[in-house]
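Written below as structure tokens is the structure these notes are about.
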Amino acid sequence: MAVKELDIRPVPPREKHPTIFATFDALKNGEGFQLINDHDPMPLYYQFNAERPNQFEWEYVEKGPNVWRINIFKK
């Protein structure tokens, strides 16, 4: 299945999480996207757990050292 990419690296820091959550919220159940970042977005994972509990799946595809890719799917 082809997954849309969201390269968050060029987005200004204060807009990163709102952009990611807006992308996630626009998904239908079963859809997802691949987040591309320049660091491990573990704080984002914790925010997803707090704000969207049991609504997402998080799968690391690439773990650095320069690029992180995470598939995020909506349940």
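State all residues of segment 53-72 that are over 15 Å from R9 (Cβ atoms) and assigned to a strand (DSSP E or B); if no residue qualifies, say none. Write out each step before concluding.
Taking segment 53-72 and keeping what is over 15 Å from R9 (Cβ atoms), we get 53-61, 63, 71-72.
Matches in segment 53-72: F56, E57, W58, E59, Y60, V61, K63, N71, I72.
Just the residues that are assigned to a helix (DSSP H, G or I), within 14 Å of N71 (Cβ to Cβ) and in contact (Cβ under 8 Å) with a residue 24 or more places away in the chain, please, taken from segment 1-44.
To start, the set of residues in segment 1-44 that are assigned to a helix (DSSP H, G or I) comprises 13-25, 42-44.
Narrowing further to those that are within 14 Å of N71 (Cβ to Cβ): 20, 23-24, 44.
Those that are assigned to a helix (DSSP H, G or I), within 14 Å of N71 (Cβ to Cβ) and in contact (Cβ under 8 Å) with a residue 24 or more places away in the chain: I20, F24, L44.
Quick check on A50: is it at pLDDT below 95 and not in a strand (DSSP E or B)? Before the answer, list the steps.
Details: at pLDDT below 95: no; not in a strand (DSSP E or B): yes.
No: the conditions fail for A50.
Residues in segment 28-48: is at least one open to solvent by 30 Å² or more (accessible area, probe 1.4 Å) and under 9 Å from the mean Cα position of the chain (by Cα)?
Of the residues in segment 28-48, the ones open to solvent by 30 Å² or more (accessible area, probe 1.4 Å) are 28-31, 38-40, 42-43, 45-47.
Going one step further and asking which of them are under 9 Å from the mean Cα position of the chain (by Cα), we end up with 45.
Yes - at least one qualifying residue is present in segment 28-48.
The values are calculated or read from the model by the stated rules, or taken from the named source; none is laboratory data. Owing to the predicted nature of the structure, the values given are computational and were not obtained by experimental measurement. Neighbour counts are summed over all protein chains in view; Cβ atoms, including those assigned to glycine, are modelled from backbone coordinates with ideal geometry. The protein model used for the area step is the full one, side chains on, heavy atoms only, and it has no ligands, DNA or RNA in it. Shrake-Rupley method; radii C 1.70, N 1.55, O 1.52, S 1.80 Å.
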